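**Student:** My questions all concern the structure below.
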Amino acid sequence: MGRSESHGTGKASLPPGQRLQRGWPVTHYGPVPKFRPQRWEFRVFGATADGDEHCWSHEEFSALPYETVTGDFHCVTKFSMIGAEWGGVRARTVVALAPPAAEATHVMVWAEYGFSSNLRLADFTDGQVVFATHRGGELLTAEHGFPVRLVVPHLYAWKGPKWVRGIEYMTADRRGFWEERGYHNIGDPWREQRYSYQEEPGDGPEP
């Protein structure tokens, strides 16, 4: 089942402006998609190292190495869960199986209904980032992102979409769904990077 790993931030306090949350509230935009396993696939495309698109069916994706990580969950709506256990496929595993081209710098994570979130490649390949199928040893519910949601413990939770269907490697940054609607392009909770008006030069795509 893989090895567990702690978040390792060394920070005992919550990020600024956050409050401790005991449960896990359901927050999302739009309806919960219906899961159809026969039609579901996970795609890696864009600036891949071999120039090809890589796809896994749900059965194939479920057979990839399952690992657990322990990582925090910081929602931009100001609640935080500390030390949650997530199980699934590490982002690094996907990157190893379908590597990016040398010139790739960012990824766009794509989810149902065309929802998207952009990440720097270095953030995406952090060892704690996981395509989660489980939390606390239990399968995710549909409301929390089943069958797959991305969890990026060191960034605000909107950077980890629910109902993920694939990733696009990019050679230049561009904003995802919430980033186009005024959220910060990077989303570091320890720097309280909530909104785009807080961005400094270099934080966002070139105009």
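**Student:** Examine the range 129-151 for a residue that is more than 26 Å from TRP40 (Cα to Cα) and in a strand (DSSP E or B), and state whether such a residue exists.
**Tutor:** no
**Student:** With the requirement that a residue be touching a residue at least 24 places away in the same chain (Cβ under 8 Å) and within 13 Å of the chain's Cα centre (by Cα), what does the range 122-143 give you? Write out each step before concluding.
**Tutor:** Step one: filter the range 122-143 for residues touching a residue at least 24 places away in the same chain (Cβ under 8 Å), giving 123-137, 142-143.
Within the range 122-143, ASP123, PHE124, THR125, ASP126, GLY127, GLN128, VAL129, VAL130, PHE131, ALA132, THR133 meet the criteria.
**Student:** Moving on to the next point. Out of the residues in the range 98-109 that are of a type outside the set (S, T, N, Q) and within 18 Å of the chain's Cα centre (by Cα), which is surrounded by the most Cβ atoms within 10 Å (Cβ to Cβ)? Steps first, answer last, please.
**Tutor:** Restricting attention to the range 98-109, the residues satisfying the condition of being of a type outside the set (S, T, N, Q) are 98-104, 106-109.
So of that shortlist, the ones also within 18 Å of the chain's Cα centre (by Cα) come out as 98-100, 104, 106-109.
On the way: ALA98: 22, PRO99: 15, PRO100: 23, ALA104: 19, HIS106: 22, VAL107: 27, MET108: 20, VAL109: 24.
Looking at the filtered set, the residue picked out is VAL107.
**Student:** Report every pair of residues separated by at least 6 positions or lying on different chains whose Cβ atoms are under 9 Å apart, first residue within the range 93-113 and closer than 14 Å to THR125 by Cβ and without any contact (Cβ under 8 Å) to a residue 60 or more places away in the chain, second among the hydroxyl-bearing types (Ser, Thr, Tyr) and assigned to a loop (DSSP other than H, G, I, E, B).
**Tutor:** Cβ pairs passing all conditions: VAL95/THR125.
**Student:** Across the range 152-174, what is the total count of residues that are among the aromatic types (Phe, Trp, Tyr) and either free of Cβ contacts under 8 Å to residues at least 40 places away in the same chain or part of a helix (DSSP H, G or I) (or both)? Please lay out each step first, then the result.
**Tutor:** Restricting attention to the range 152-174, the residues satisfying the condition of being among the aromatic types (Phe, Trp, Tyr) are 156, 158, 163, 169.
Filter once more, so that each one left must be either free of Cβ contacts under 8 Å to residues at least 40 places away in the same chain or part of a helix (DSSP H, G or I) (or both): 158.
Qualifying residue count, the range 152-174: 1.
**Student:** Kindly establish whether TRP86 is surrounded by 15 or more Cβ atoms within 10 Å (Cβ to Cβ) and not in a strand (DSSP E or B).
**Tutor:** No: the conditions fail for TRP86.
**Student:** Tell me, which residue of the range 33-83 that is among the hydroxyl-bearing types (Ser, Thr, Tyr) and either assigned to a loop (DSSP other than H, G, I, E, B) or under 17 Å from the mean Cα position of the chain (by Cα) (or both) is surrounded by the fewest Cβ atoms within 10 Å (Cβ to Cβ)?
**Tutor:** Quick first cut of the range 33-83, residues among the hydroxyl-bearing types (Ser, Thr, Tyr) only: 48, 57, 62, 66, 68, 70, 77, 80.
Keeping just the survivors that are either assigned to a loop (DSSP other than H, G, I, E, B) or under 17 Å from the mean Cα position of the chain (by Cα) (or both) gives 66, 68, 70, 77, 80.
On the way: TYR66: 16, THR68: 20, THR70: 16, THR77: 14, SER80: 19.
Applying the filter and picking the extreme gives THR77.
**Student:** Which of the residues that make up the range 130-151 are touching a strand residue (DSSP E or B) at 6+ places or on another chain (Cβ under 7 Å) and of a type in the set (A, V, I, L, M)?
**Tutor:** Once the filter is applied, which keeps residues that are touching a strand residue (DSSP E or B) at 6+ places or on another chain (Cβ under 7 Å) and of a type in the set (A, V, I, L, M), the range 130-151 yields VAL130, ALA132, LEU139, LEU140, VAL148, LEU150, VAL151.
**Student:** When you go through ALA122, ALA132, ALA142 one by one, which is the residue that is surrounded by fewer than 23 Cβ atoms within 10 Å (Cβ to Cβ), modelled with pLDDT of 95 or more and hydrophobic (A, V, I, L, M, F, W, C)?
**Tutor:** Numbers: ALA132 fails: surrounded by fewer than 23 Cβ atoms within 10 Å (Cβ to Cβ); ALA142 fails: modelled with pLDDT of 95 or more.
That would be ALA122, the only listed residue that is surrounded by fewer than 23 Cβ atoms within 10 Å (Cβ to Cβ), modelled with pLDDT of 95 or more and hydrophobic (A, V, I, L, M, F, W, C).
**Student:** Now, a different point. Residue by residue through the range 175-207, note down the ones that are under 16 Å from the mean Cα position of the chain (by Cα) and part of a loop (DSSP other than H, G, I, E, B). Step through it out loud before you land on a result.
**Tutor:** Of the residues in the range 175-207, the ones under 16 Å from the mean Cα position of the chain (by Cα) are 175-179, 183-189.
Within the range 175-207, ARG175, GLY176, PHE177, TRP178, HIS184, ASN185, ILE186, GLY187, ASP188 meet the criteria.
**Student:** Scan the range 8-27 and give yes if some residue there is in contact with a Cys (Cβ under 7 Å, 6 or more places away or on another chain), of a type in the set (Val, Ile, Thr), part of a loop (DSSP other than H, G, I, E, B) and modelled with pLDDT under 95, otherwise no.
**Tutor:** Checked the range 8-27: at least one residue is in contact with a Cys (Cβ under 7 Å, 6 or more places away or on another chain), of a type in the set (Val, Ile, Thr), part of a loop (DSSP other than H, G, I, E, B) and modelled with pLDDT under 95.
The values are calculated or read from the model by the stated rules, or taken from the named source; none is laboratory data. This is a predicted model, so every value here is computed, not measured. Every residue, glycine as well, gets a Cβ built from its backbone with ideal geometry; the counts of neighbours run over all protein chains shown.
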